[in-house]
Amino acid sequence: MSTVELGLRTEAARRPTGLREFARSFCRNRLAVIGAVLILFFIGMALAAPWIAPHSPTETNLDRRLQAPFWAPGGSYDHPLGCDHLGRDLISRIVYGSRVSILIAVVVVSLTMLIGLVTGLLAGYFGGLLDAFISRIVDVLLAFPFLIFALAVTAALGPGLVNMILALVFKGWVEFCRVVRAETMSAKASDYVLAARSVGLSNVRILVGEILPNVVPSLIVLGTFNMAVVIIAESSLSFLGLGVQPPTPAWGSMVNDGRPYMLNAWWISTFPGVAVAALVLSINLMGEGLRDALDPRLRD
């Protein structure tokens with residue numbers, strides 16, 4: 001049995017212990033656990049939207065226009081959070097709006113993570129002209145602020161869900177690429193990679209079997225934090241009318257719908273804004289817990 005194979009089997013035997021240490025470290029962070037629970041709540045709300053939403057999110061009724069929440073004068077328990085300027089039930093729109101935000105965050109982060117992983121591995125491992133070419137593209141894209149760049153691309157492509165996803169993916173992969181490239185460059189000079197080369201393993205097997213497992217923890221943490229960034233960007237683009245188009249409910253466009261009525265119908269903008277803030281805060285709390293749990297140097 002070769003040294004590399006023996007090392008791989010030893011690592012596999014230690015994996016359950018590592019998972020238990022990770023779980024214990026994560027659970028000790030109460031804020032991270034709270035964040036994870038809230039994220040599960042939002043995911044469950046998005047999946048169960050057709051069953052838990054009391055009304056259709058697009059059903060209009062001008063008789064209920066600007067109806068207040070149930071605790072305010074003129075409110076009704078049939079519409080607990082009130083109605084918007086078209087008489088649409090606000091809580092139903094918030095429930096369905098969670099689908100949009102979570103779906104876009106998952107799709108964008110998955111695509112950017114995949115692109116950044118492949119380009120970072122190739123640039124960091126092979127170096128040379130390929131590394132220089134990829135690095136220059138990354139440098140150019142990093143010169144533009146994320147939201148402004150996404151705003152310009154979305155405006156050029158036109159409003160809509162698909163175009164917004166393309167705009168967010170177009171620049172979002174660069175951060176993953178930089179992190180993976182740096183860790184790949186560090187890993188390829190390590191003893192276990194040199195040992196793998198000495199026994200004749202191919203570049204693909206070294207990248208997938210030796211280097212990739214070492215960059216996955218950083219990808220998980222960065223991807224978690226980037227989900228919060230994507231949700232904010234999606235809400236901002238929808239607020240400006242360049243994201244998800246009516247009548248599909250989106251938290252950003254709901255905030256914009258209530259902007260003219262802030263003085264006499266504050267709930268139209270406030271509750272979708274609170275939903276955005278709660279989801280982003282939950283993701284950040286869980287991300288910090290994952291960072292601490294996945295990095296042995298930060299464990300108690």
Rounded to one decimal in nm, the spacing of the 7 Å Cα→Cβ label points at Asp295 and Glu21 is 1.6 nm
With +1 on the Cβ of every Lys and Arg and -1 on the Cβ of every Asp and Glu, the dipole magnitude of region 3-298 about its Cα centre, in debye rounded to the nearest 20, is 460 debye
From DSSP H assignment alone, runs of 4+ in the chain each adding -39500 (n - 2.57), the sum over residues rounded to the nearest 500 puts [θ] at 222 nm at -24000 deg cm²/dmol
Of the DSSP H helices in the chain, the ones reaching 30 Å or more along their long axis in Cα terms and averaging at least -0.5 in Kyte-Doolittle hydropathy are 90-126, 161-187, 212-239, 267-294
Of the candidate values [x] 49, 31, 17; [y] 27, 25, 17; [z] 45, 23, 13, the one computed for semi-axes √(5λ) of the Cα gyration tensor in Å from this structure is [z]
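Throughout, read-outs are computed from the coordinates displayed, never taken from laboratory work. From a predicted model like this one, the values you see are computed outputs, not experimental measurements. Please note: Cβ atoms are built from the backbone with ideal geometry, for glycine as well, and neighbour counts cover all protein chains shown.
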